[in-house]
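The structure appears right after this line, and notes come after that.
The values are calculated or read from the model by the stated rules, or taken from the named source; none is laboratory data. Quick caveat: nothing in here was measured; it's all calculated off a predicted structure. Reconstructed Cβ throughout: ideal geometry from the backbone, glycine too, with neighbour counts over all protein chains shown. The accessibility values were calculated without ligands, DNA or RNA, using every heavy atom of the protein model including side chains. Shrake-Rupley method; radii C 1.70, N 1.55, O 1.52, S 1.80 Å.
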Amino acid sequence: MKIAELLKKETLSLSFEVFPPKTETVFESVKSATEEIAKLKPSFMSVTYGAGGGTSKYTLNIAKNIKELYGVPTLAHLTCVSSSKETVKQKISELKNAGIENVMALRGDIPADMQDADKSQWEYHHAVELVRELKNAGDFCIGGACYPEIHPESVNQKKDILHLKEKVDAGCDFLTTQMFFDNNLFYNFLYKIREAGITVPVIAGIMPITGANQVARAIQLSGSFMPQRFKSLVDKFGNDPLAMTQAGIAYATDQIIDLYANGIKNVHVYTMNKPHIARKIQENLSDILGK
Ligand code: FAD
């Protein structure tokens, strides 16, 4: 099923993200974690793509597995930076042959050792180029990433939103946000992109923080603002893994309820491949979701 169709429905959606293994040795354990998550029958599941494409075959295998064995619609991620046109063409045709209908078109992070490289010879510079290519390659439903707190490389939000509009106009059917911990930042972002003429559905991305060590990583990745309420929770429970898990799930649940209550219909949870976290969040919302 195309995710754009699913997002048109009046009902609330809760979807989950998983990531592929980095090596063959852990493939089976990651596959079984993703299957546990698929058994929860989320609205859809996304499978990320390892930077540089080294794990691309796992993304495809896991996405195909979830779809075929559990009937859960899947969204396969694909990145383009530091790839050749030929490689990307090949990946797109593999997705098509595997019957994957939904693709998240991403630029990918520029690898640390390539930050200062001469980029003039690169075949891709921005996700918009991949969106155009997917649009020409077939009948894909295409997603794009967006950043309520500005993409870290952007000089300001106005420019970031201009580039986002260009990406949507090239063919994105929906957007998914970077994680955020303060819903007001997301609501403000929505006003601004709607004002800029971006009308596609926006899925809110929520990351349950269940370990104190995740906090620094999350801030580094997303540059997200941490509200005082959230910092207090980490200060108090950060050294107690069970308490931190419970508090992190409660915080994420609270964020999701506030989003649904304020008219946001679609929420995507970054599960970090942890079935118990996905399960608990879904249970916390069972009556709200009617499950
Ligand atoms: P772009 O849309 O290209 O934007 C990147 C920057 O370039 C922004 O600052 C933008 O304003 C600017 N820009 C865009 N177009 C232009 C232009 N024409 N001219 C000048 N500047 C421009 N990474 C992975 O490696 N694998 C994944 O599976 C993955 N999944 C993700 C899922 C979500 C929901 C999100 C939010 C991020 C994900 N990422 C993933 C991380 C993502 O690859 C990085 O954030 C990356 O730095 C930017 O990717 P993008 O697709 O948003 O890039």
Next item on the list: Mind listing just one residue for me: the one in the stretch 212-230 that is surrounded by 13 or more Cβ atoms within 10 Å (Cβ to Cβ), of a type outside the set (A, V, I, L, M) and in a helix (DSSP H, G or I) and, of those, farthest from the chain's Cα centre (by Cα)?
Entry: Phe230
Check: Can you pull out the residues in the stretch 59-78 that are without any contact (Cβ under 8 Å) to a residue 60 or more places away in the chain, open to solvent by 10 Å² or more (accessible area, probe 1.4 Å) and under 17 Å from the mean Cα position of the chain (by Cα)?
Finding: Leu60, His77
Notebook entry, point to check: Going through the stretch 6-28 one residue at a time, which ones are open to solvent by 70 Å² or more (accessible area, probe 1.4 Å) and either assigned to a helix (DSSP H, G or I) or over 18 Å from Tyr49 (Cβ atoms) (or both)?
Noted result: Lys8, Lys9, Glu10, Thr11, Glu24, Thr25, Glu28
Check: Which of the residues spanning the stretch 251-291 are buried (at least 20 other Cβ atoms within 10 Å of the Cβ) and small (Gly, Ala, Ser)?
Finding: Ala252, Ala278
Item checked: Tally, over the stretch 132-150, of residues that are open to solvent by 20 Å² or more (accessible area, probe 1.4 Å), among the aliphatic types (A, V, I, L, M) and more than 12 Å from the ligand (Cβ to nearest atom) -> 1
Check: Scanning the stretch 81-123 for residues that are over 14 Å from Thr59 (Cβ atoms) and near the ligand (Cβ under 9 Å from one of its atoms), which turns out surrounded by the most Cβ atoms within 10 Å (Cβ to Cβ)?
Finding: Val81
Next item on the list: For residues that are closer than 20 Å to Ala252 by Cβ and open to solvent by 60 Å² or more (accessible area, probe 1.4 Å), tally how many sit in the stretch 169-187.
Entry: 1
Margin query: Suppose we filter Glu129, Glu166, Glu153 for residues that are touching a Cys at 6+ places or on another chain (Cβ under 7 Å), open to solvent by 20 Å² or more (accessible area, probe 1.4 Å) and within 11 Å of the ligand (Cβ to nearest atom); which single one remains?
Written below: Glu129
Next item on the list: Could you figure out which of (1) free of Cβ contacts under 8 Å to residues at least 12 places away in the same chain; (2) within 10 Å of the ligand (Cβ to nearest atom) isn't true of Glu24?
Entry: (2)
